[in-house]
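Accompanying notes for the structure given below.
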């Protein structure tokens, strides 16, 4: 989807957030409930766009992908769709999806649940490591959608380690680049440097939502974050925990941030 880039109006505030949370392996129903609580907490703080980590609905459990493939009408997504509509917020949640090509392995998806009741899907474009044994790659070099009034390029974890992915999103009009991820302590340094570089080089805001605890055999570092257009780090979670990482663009176009701890969900 190509979107002509428009500079945001200085008079239109925007509040976005990363939902840094822990997922129970394979327990979609329980994870949905966690998503709903986080969405309610975000709505209470005026969030318009809430992004969850990679495979947040199942956990990063690659062998379980085939058993949890979702579609737009799936019962598991119904309460989240209703919440998005009721709260007037766009949710981006991670879950398996049908492949881009019939007959292939499942895709690692980012499900976009709009405040208007719409459902859209972005499939991870760049797989890495053992993912290729369990998943198939998406076929879009970039997907840019207008979310909460902002042209937003969607990414899933390893997508953001490929500079051509962020470049394609910027060329397609993205003013915001939003990634759901699972990043470990070892990977966080180089990957966060790349994300900051995209904010600087493409003059777009960059939001990453990381897992709040271990998943799929990986130990997440947490530290979900937002970099403002130009590359300034606005806010980052201090570590691995359950929290909301909020970024707000005020009427003066200056970004500010806040971390809201939600330890009761950990």
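Since every read-out is calculated from the coordinates, none of them should be taken as a lab result. Just so it is clear, the structure is predicted and the values come from calculations on it, not from any experiment. Reconstructed Cβ throughout: ideal geometry from the backbone, glycine too, with neighbour counts over all protein chains shown.
Among 188-197, 227-236, 172-181, how do they line up by average Cβ neighbours within 10 Å per residue, starting with the highest? If you can, show how the numbers build up before the last one.
Details: 188-197: 16.4, 227-236: 18.6, 172-181: 26.2.
By packing density, highest mean first, the sequence is 172-181, 227-236, 188-197.
Overall shape of the stretch 1-152 was characterised from the C-alpha gyration tensor. The equivalent ellipsoid obtained from it has semi-axes of 26, 19, 13 Å, in decreasing order. Note on the chain: GNM, Cα springs under 10 Å; of 103, 153, 213, the largest mean-square fluctuation is that of 103.
Dividing the convex hull volume of the alpha carbon atoms of the stretch 14-265 by its residue count gives 107 Å³ per residue. Here, the stretch 125-186 yields an orientationally averaged convex hull projection of 4.8 nm² when only Cα atoms define the hull.
For the ranges 133-141, 106-114, what's the packing order if you count other beta-carbon atoms within 10 Å of each residue, average per peptide, and put the highest first?
Working: 133-141: 17.6, 106-114: 25.4.
Ranked by mean Cβ neighbours within 10 Å, highest first: 106-114, 133-141.
Overall, the anisotropy analysis places the stretch 8-59 in the prolate class: the square-rooted eigenvalues a ≥ b ≥ c of its C-alpha gyration tensor yield a/c not less than 1.5, with a/b exceeding b/c.
Specify the inter-centroid distance of the stretch 168-230 and the stretch 24-57, based on alpha-carbon positions, in whole Å. Between the Cα centres of the stretch 168-230 and the stretch 24-57 lies a distance of 18 Å.
Pull out a ≥ b ≥ c, the square roots of the eigenvalues of the alpha-carbon gyration tensor of the stretch 149-266, then state rounded if a/c is under 1.5, prolate if not and a/b is larger than b/c, and oblate in the remaining case. Show your work: numbers first, answer last.
On the way: a/c = 2.04, a/b = 1.27, b/c = 1.61.
Oblate is the answer for the stretch 149-266, as a/c is 1.5 or above yet b/c matches or exceeds a/b.
Take every Cα pair under 8 Å whose residues are at least 6 apart in sequence, average their separation, divide by the length of the stretch 14-265, and the relative contact order is 19 percent.
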